Structures are given as structure tokens and as C-alpha cells.
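Report on the structure given below.
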Amino acid sequence: MDILAIASNFRLSSKAVTAQTYGRGHINDTFRVTTQDGGSFILQKINKTVFKDPGQLMKNVTKVIQFLRERSEDPREVMNLVNTVDGKQWYVDSEREYWRVYDFVPGSMSLDACETEHDFYECAVAFGRFQKRLAMFDASMLKETIPHFHDTPDRYAQLLDAIVYNPLGRVKDAQREIDFALKRENYAHTLMNLQSTGVLPLRVTHNDTKLNNVLFDSATRKALCVIDLDTVMPGLAVNDFGDAIRFGASTAAEDEKDLDKVEMSLTLYGAFVEGYLSACALNESEKEHLRDGAKMMTLECGVRFLTDYINGDVYFRVRHEGQNLDRCRTQFKLVRDMDKKWDEMAKFYIT
């Protein structure tokens, strides 16, 4: 695959001269491209296995970027798509692979783990601000890029199918994790039931609120920009909150093998609550169920890692065999830790 040849199909500032793999994302292939005049760009190949309709995905992304850009004062607060040479927002190569290019945000940095409480607070402000700015966006303009993405009961159904099919015979190696998940199957319906009864409203949400999906100003450490808009679609604000907690408030890496190192930091949890509530607008029911969002997203992600492990690692990229099972185990350890800290978690947003 000639990355520089792919890059030549976009209106870069000059000829592309270098391309290097960039970031640690699980889904899309990402490269940082530099040009003869010193320009810097992010080139991505969209994963068609995950995103079945890349063209519709890019229509979503384009609409959201345009809406946010009209409401942002700093141009670095919103990713900027670079058009192809024929004026389109994405390029399709001879093998029907879909590519896009963003301007590299100057003076920015990303974090895979919080270095200070302030980093997580700023991450929360970024996602809260993102949610609030999209409050007036017409959600009917967006198509689901991954149907039932945060439908936890559906994730359980996929797990049960994987257990029955057991294509690689891995069920025997994950029985303890399977038992843990199945004991919590009834709880998995909680947020979906609250949505169906109108207690929790549907909003336009990001749906992948990891710390490394926020760019920070490298000089001030202030949050600049929310990135990775591929899963922006109608959802629950408590799920956005929760996904950030399960990733950013953990004291260990997502694939840590030593589970004694894994817990949810109440300090980081409190910092995120403060930042998120300062920037977004939630109703009282949403505030009441923030804890459920944190535990549900952690449980759901563990179930997804477990399902993918059983199915042969077809969704999340792995660097070694068993990595998805390691990821599953850290998530389930976090769920157990949240259960222990349940009452303490509530104290941060009682008004």
C-alpha cells in the first residue's frame, strides 16, 4: 500500500514526502503525513469491517464538523477535513477502500493516560462542551454508523451467540469471565429501559469518549478539540460520561495483566464529574444515573472484548494472542471496584 500515492489525491499544502503510522487506535489505520513545505496532516483509512457504509459515515462527520465550526471561536476547536483534488470529503481507491485527511492541529497533543487530575478535568470539559454545542443539532440528519452501538442487551445477545458458536474453542479459557458477565445480564437492561420510558432523553452523543479522543494545547494543557467523530449519533449522555470514566479513571492500562493494579480512582472520577457538569446541561435524571453510565459502559466494553476474544479478535486490533481477554478482565475488575465505591461515587454530584 503506497501511502504517499494515496495522499496525493488530496489538496495538501504541497507534495507529500513522508508518512508514518500514527496513534494507537483500535479501528482505523492512521498515518501522519508531512509535505515538502513542512505541512502536517492526518490520513486515515476507514475500517469497512466495523463501518459498513463509510460514505454515510463521512456524510455524518462532514455535517457535524460544519455545525460545530459555525459555533466555535478558535479554529483549533474543531477538526478540519481536507478535500480531495476533485473537491470531495473522502477518496475511494481502486480497491474500494475509503480514505480521508484532516489538518494536523498545530500545537496539540493527545494523552493515553491522565498525568494530572487537571488533564481529566479538561477532558471532561471538552466532552461536555461538545455535547452542549450539539444540543440544537437535528439528530435526524445523522444515520447510525454502527447500529445498536451502546445497546447493552444487544451486546449480551452477541456474546451468547459467540459462546454457542465458539469458532476457535476459546470458551474454555474464558469461563470465569463468561460467568461474571452472565450474572449481570439483568442489570444490562437498566439504561435502555430508562430510555424507552423517557426518563433518559436521547441526545446527539460522541459514543467513544476516551481520553485520547481529546486534543490538548501542548503549552497550556487546556482541552482544544474532540476528535474521532465516526460514532457521533443519537445516544445517552450518561453513556458518554461512563465511557470516559471506564477508560480515563482507571489506574492501569486497558490490557494490564496484573489486576491488583486496576481500580477506579475516585479522585479522577470526581475531577471528571466536576468538569463535565460545568460544561454540559443534564437533567436531574441524567445526573442521578451517571454512576450507572460509568458501570454500564465498563461492563458493556468488557462484554465486547470478551465476545471479540471468543470470535477470534475480528473487531478490536490486537498485538498478541489473548489481549482482548486481558482487556475484558480489566473492565470486569473495574466493575467490581465501582460496586465497592458505589455510595462514594454518588457524593460528587448530589446537589
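Out of curiosity, is residue 113 hydrophobic (A, V, I, L, M, F, W, C), within 27 Å of residue 250 (Cα to Cα), under 16 Å from the mean Cα position of the chain (by Cα) and surrounded by fewer than 16 Cβ atoms within 10 Å (Cβ to Cβ)?
yes
Of the residues 346, 249, which is on the phi < 0 side of the Ramachandran plot and in contact with a strand residue (DSSP E or B) (Cβ under 7 Å, 6 or more places away or on another chain)?
So the residue among 346, 249 that is on the phi < 0 side of the Ramachandran plot and in contact with a strand residue (DSSP E or B) (Cβ under 7 Å, 6 or more places away or on another chain) is 249.
Restricting to helices (runs of 4 or more DSSP H) lying wholly in region 290-350: which have 2 or more residues that are under 18 Å from residue 253 (Cβ atoms) and at pLDDT 95 or above?
290-311, 323-340
What about residue 33, is it in contact (Cβ under 8 Å) with a residue 24 or more places away in the chain, more than 28 Å from residue 143 (Cβ to Cβ) and either of a type in the set (Val, Ile, Thr) or assigned by TED's automatic domain parsing to the domain that holds residue 209 (or both)?
For residue 33, the condition - in contact (Cβ under 8 Å) with a residue 24 or more places away in the chain, more than 28 Å from residue 143 (Cβ to Cβ) and either of a type in the set (Val, Ile, Thr) or assigned by TED's automatic domain parsing to the domain that holds residue 209 (or both) - is met.
Among the listed residues 240, 255, identify the single one that is in contact (Cβ under 8 Å) with a residue 24 or more places away in the chain, assigned to a loop (DSSP other than H, G, I, E, B), closer than 30 Å to residue 29 by Cβ and not β-branched (Val, Ile, Thr).
255
If you scan region 43-85, which residues turn out to be among the charged types (D, E, K, R) and over 22 Å from residue 220 (Cβ atoms)?
Within region 43-85, 45, 48, 52, 53, 59, 63, 70 qualify.
Given the conditions (1) modelled with pLDDT of 90 or more; (2) over 18 Å from residue 97 (Cα atoms); (3) part of a loop (DSSP other than H, G, I, E, B); (4) not polar (S, T, N, Q), and given that residue 51 satisfies all but one, which numbered condition is not satisfied?
Of (1) modelled with pLDDT of 90 or more; (2) over 18 Å from residue 97 (Cα atoms); (3) part of a loop (DSSP other than H, G, I, E, B); (4) not polar (S, T, N, Q), only one is false for residue 51: (2).
Condition first: surrounded by 17 or more Cβ atoms within 10 Å (Cβ to Cβ) and either part of a loop (DSSP other than H, G, I, E, B) or among the polar types (S, T, N, Q) (or both). Now tell me which residues in region 85-94 satisfy that.
Answer for region 85-94, where residues must be surrounded by 17 or more Cβ atoms within 10 Å (Cβ to Cβ) and either part of a loop (DSSP other than H, G, I, E, B) or among the polar types (S, T, N, Q) (or both): just 90.
Do the conditions hold for residue 68, that is, is it part of a helix (DSSP H, G or I), buried (at least 17 other Cβ atoms within 10 Å of the Cβ) and at pLDDT below 95?
Yes.
Evaluate region 185-202: report whether one residue or more is touching a Ser or Thr at 6+ places or on another chain (Cβ under 8 Å) and over 16 Å from residue 292 (Cα atoms).
No, the conditions are met nowhere in region 185-202.
Cβ-Cβ under 7 Å, sequence separation 6+ or interchain: first residue in region 141-170 and touching a residue at least 24 places away in the same chain (Cβ under 8 Å), partner in a loop (DSSP other than H, G, I, E, B) and small (Gly, Ala, Ser). Which pairs?
From residues that are touching a residue at least 24 places away in the same chain (Cβ under 8 Å), the pairs are 167/312; 168/312.
Which pairs do you get when a residue that is closer than 16 Å to residue 276 by Cβ, found in region 290-303, comes within reach of a residue that is acidic (Asp, Glu), reach meaning Cβ atoms under 7 angstrom, with the pair 6+ apart or on two chains?
Cβ pairs passing all conditions: 297/243.
Quick one: in region 71-82, of everything that is in a helix (DSSP H, G or I) and out of contact with any Ser or Thr (no Cβ under 9 Å at 6 or more places or on another chain), which residue is surrounded by the fewest Cβ atoms within 10 Å (Cβ to Cβ)?
75
The values are calculated or read from the model by the stated rules, or taken from the named source; none is laboratory data. Remember, it's a predicted structure, so these values are computed and weren't measured experimentally. Don't worry about glycine lacking a Cβ; one is built from the backbone with ideal geometry, like all the others, and counts go over all protein chains shown.
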